[in-house]
1. Using Cα centres only, tell me the gap between segment 154-217 and segment 416-451 in whole Å.
2. Roughly how many nanometres apart are two label points built 7 Å out from the Cα toward the Cβ at residue 350 and residue 432?
3. Where the only charges are on Cβ atoms (+1 Lys, Arg; -1 Asp, Glu), what is the dipole of the chain about its Cα centre, to the nearest 20 debye?
4. Residue farthest toward the positive end of the dipole of the chain, with Cβ of Lys/Arg at +1 and Asp/Glu at -1: which of 43, 195, 306?
5. I need the trypsin sites (Lys or Arg not before Pro) found in segment 30-81, filtered to DSSP loop residues with at most 10 other beta carbons within 10 Å of theirs.
6. Over the alpha carbons of the chain, what is the largest minus smallest coordinate on each principal axis, giving the biggest first in Å?
7. Would you mind getting me the FRET efficiency between residue 392 and residue 191? Use the beta-carbon distance for r and R0 = 35 Å, nearest 0.05.
8. Rounded to the nearest 10 Å², what accessible area does residue 54 show when all protein chains are kept and the probe is 1.4 Å?
Amino acid sequence: MSRFYILSLLTILFASSAIRAQENDATSFTLNQCIEYALNNSYDISNAKLEEQIAVAKVKETIGIGLPQISGSAGITHNQKLARFFTTYDPNGGFIDLSGVPGIQPGNVVAAQNFFQLKSTGTASLSLNQIIFNGSYLVGLQAANAYKELSIKTTNQTNEQVIEQVTKAYYSVLVNRERMKLFDNNINRVDSLLITTKAMYENGFAESIDVDRIQVNLNNLKTEKSKFEKLQQLSVELLKFQMNYPFGQTIEVVGELNEEVVNVNLDEYLRDWDYKGRADYQVLETNYKLQNLNIKNKYAEALPSLSANANLGYSTQSPDIGGLFTTNSSFPDNGGVGPDSWYSFSSFGLNLNIPLFSGLQRTYKVQQEKLELKKIENGFKSLEKGIDLEIKEATINYQNSMEALRAQEENMGLAENVARVTKIKYEQGVGSNLEVVDAESSLRETQINYYNALFDASIAKTDLDKAFGKLLDKK
């Protein structure tokens, strides 16, 4: 029993460890994992994918128009009082002998009792219609597939927007995390300096004002860190929002933001560059294709259309409704045995429709669609110029941000060296406390400037990827 107890306990411990490991993995996200999660959970992308499904259903609906259209109908009618039929009296002819009617004269209109219909009627039939040729239907099939393509391109455009938002939010979390490390390092360094200064003051090598000055500096650092912690929490919540991640669950962002992450080769971006790599350009291309199909459809409406139809069924009559269901004959028609038999009927035919003249409506509709096509062609020119400007702007911003990043990195290295040397001189009694405080302030300023430049570079790189249509490569 003791062995069984130990084995059970070990099993529970191992299972608990595995569960905790899985939970930890579930809350750790790299940039690609953040993007993947967002693409799988974004409401905008979900709606875009629903539009894709709608487009697929639309294609199938259009295909169904060309398949046989079959409908069935059944009904019963009871005429409580049959309508009379009217005729004129002709003594030399007519299928009803009206000569016995008192006072009747040739040419008189007579309302005669309906002897050819019983009061209750029942029918059951099937109708079939089949398109043999219809130009608009053939164009509609092409348009349905183009509409499906448009929905896919629109989804890609939505994916690009989500990737851009998530990437920028992710970089914001990373750079703020590095800033938090700086706060800790600076607080530890100033705290160490405060301890050293207090010792020097107790031994008569420093003044109380020196201690107070460093204490103020340390207090300010701690206050700034507290404020920045809240800002970091906000940046994490923003990332959750862009990912559509539950706000109540924790998330751990994995990765480092440095110059290697934001550094790219602009020559590779410019090599083999094509407007067609942009998602918005692809959407416009598909709209252009749809507009051409609209024009084609207007021409197709002028073509003849041919369809076939068929109708078959059974009918019967009875003096009353009950007789419709108690017929003496069996279904289908057995040759009319009995007074209430069901008799079959059938017909089939072709229908040719030839448009001859539409009052020039079709001509002006084609003209309108061609003008719409010219607007889309102008849209291509406008979009290309806009993309060119966006690329130039993104390239210049990226180059400037990288130059600023390298300059701030050099400044930070110089400020670190100044702060280190100043502290050594102060501890050796050849420097002033004020110089140490100024050096620490300058160091913090250069550190802030460096990480601001690093964040600006990350945003500039994201904008550069978007301008060249490379964000979708991260899917």
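The values are calculated or read from the model by the stated rules, or taken from the named source; none is laboratory data. Remember, predicted model here, so these are calculated numbers, not experimental data. For neighbour counting, all protein chains shown are included, and Cβ atoms are generated from backbone atoms with ideal geometry for every residue, glycine included. Quick note on the areas: whole protein, heavy atoms, side chains included, nothing else; ligands and nucleic acids left out. Shrake-Rupley method; radii C 1.70, N 1.55, O 1.52, S 1.80 Å.
1. 15
2. With each label placed 7 Å out from Cα toward Cβ, I get 11.0 nm.
3. In debye, rounded to 20, the chain gives about 1620.
4. 306
5. 81
6. Cα extents, longest axis first: 151, 80, 45 Å.
7. FRET efficiency, residue 392 to residue 191: 0.10.
8. That residue has around 90 Å² of solvent-accessible surface.
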